[in-house]
Amino acid sequence: MAIYVEALSDLTPDQIEAGCAEAIKTAEQFPKPGHIRAAVPTVQTIFLGPSQLTYPETTQEERDAALEYSAPLRARLAASPRKELSIGRKQINLPPSKFSVDEQKEILRRKGYL
């Protein structure tokens, strides 16, 4: 028993229990620590950030201030006739499309993509 305790000391009790449950299903003899360790299910936990935060409601004055603050940028973006794509330090100028959005959708439907 001491060998089992030492060999499995880095596992949590839940991991040992799950490993034993899996090992006894397939073992032809009494499971050794290696069998138990190999049978421990690997569960990867992914940190998805803190739990959902509650923010105060945005007032109409705050919305108006945000629109006023972003007005110059929106005007510059609307005035820019060319489409540009930045990749690192390089800028790629995209040519204007020959087809409207609806025509592009129809072409994609005919080719079976939509």
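Of [x] 36, 29, 14; [y] 60, 28, 16; [z] 41, 19, 11, which is the value of semi-axes √(5λ) of the Cα gyration tensor in Å derived from the coordinates here?
Checked against the structure: label [y].
Taking the 0 to 90 degree range and rounding to the nearest ten, how far is the long axis of helix 101-110 tilted relative to the main principal axis of the chain, both from C-alpha atoms?
Tilt relative to the chain: about 50 degrees.
For helix 60-79, report the angle its Cα long axis makes with the longest principal axis of the Cα atoms of the chain; keep it between 0 and 90° and round to the nearest 10°.
70
Could you list E57, E68 in order of exposure, starting from the residue whose Cβ has the fewest other Cβ atoms within 10 Å?
The fewest-first ordering by Cβ neighbours comes to E57, E68.
Each reported figure results from applying straightforward, stated rules to the coordinates on display, with no laboratory input. In this text the structure is predicted, and so the values were computed from the model without any measurement. Here Cβ is always computed from backbone atoms with ideal geometry, including for glycine, and neighbour counts include all displayed protein chains.
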